[in-house]
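As structure tokens, the structure follows; a few thoughts come after it.
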Amino acid sequence: MTAFKFIENKNFECHTEKIQQNQSAFCINTTSEYELKILLAEDDLINQKVTLKLLEKMAYTADVAINGIQVLEYLEKDLYDLILMDIRMPEMDGLEATMAINDIYGKKRPVIIALTADVFEGAKEKYLKAGLDDYMAKPVTFEIFQNMIIKWAKKVNHKRKKFIFK
């Protein structure tokens with residue numbers, strides 16, 4: 001089990017992570033350096049709250065869809081940079097939603113990151129092959145979550161700048 005101890009220090013938050021008696025510490029800037037419009041696709045209320053709290057720690061917010069059908073409805077109404085996609089959802093699962101998004105929006109679609117409890121061997125490769133951009137296994141540590149969001153935020157913001165200035 002991973003436990004975090006949070007210590008506030010102006011715009012920085014320091015974390016001590018304890019994993020099997022090994023200690024590591026890291027500090028991050030909690031102000032969101034990169035602009036992102038995020039959609040969370042998650043049917044489980046507890047997982048929604050945990051993910052929204054992780055995003056809040058990074059100064060982000062997200063709209064929440066409880067299934068793939070709602071994801072498609074949100075995408076009709078607004079432009080999103082990133083979708084955190086649960087794979088197993090009712091009515092339309094994350095893989096079906098991703099395939100529909102790829103069909104409808106092609107290369108102009110948001111980044112889609114699988115956020116799933118599927119940790120079996122080959123899961124990541126299966127989801128990437130199905131058209132998702134990246135993969136995080138639940139439960140996810142704050143450090144892994146943060147690094148993933150920053151990785152894709154940099155790419156999204158870089159693409160946005162190239163589009164605006166060209």
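The values are calculated or read from the model by the stated rules, or taken from the named source; none is laboratory data. This is a predicted model, so every value here is computed, not measured. As a convention, Cβ positions derive from the backbone with ideal geometry for all residues, glycine included, and neighbour counts pool all protein chains shown.
List of remarks:
- Here the condition is being surrounded by 20 or more Cβ atoms within 10 Å (Cβ to Cβ), in contact (Cβ under 8 Å) with a residue 24 or more places away in the chain and in the same structural domain as N147 (by TED's automatic domain parsing); of L72, L39, L79, it holds for L39 alone.
- Among residues of the range 47-77 being over 17 Å from V140 (Cβ atoms) and of a type in the set (G, A, S), the one that is modelled with the lowest pLDDT is A59.
- In the range 82-137, the residues that are surrounded by 12 or more Cβ atoms within 10 Å (Cβ to Cβ), among the small types (G, A, S) and either on the phi > 0 side of the Ramachandran plot or outside the structural domain of N47 (by TED's automatic domain parsing) (or both): G131
- Extreme residue, farthest from the chain's Cα centre (by Cα), among residues of the range 104-153 that are assigned to a strand (DSSP E or B) and small (G, A, S): A137
- Tally of residues being surrounded by 21 or more Cβ atoms within 10 Å (Cβ to Cβ) and free of Cβ contacts under 8 Å to residues at least 24 places away in the same chain across the range 60-69: 0
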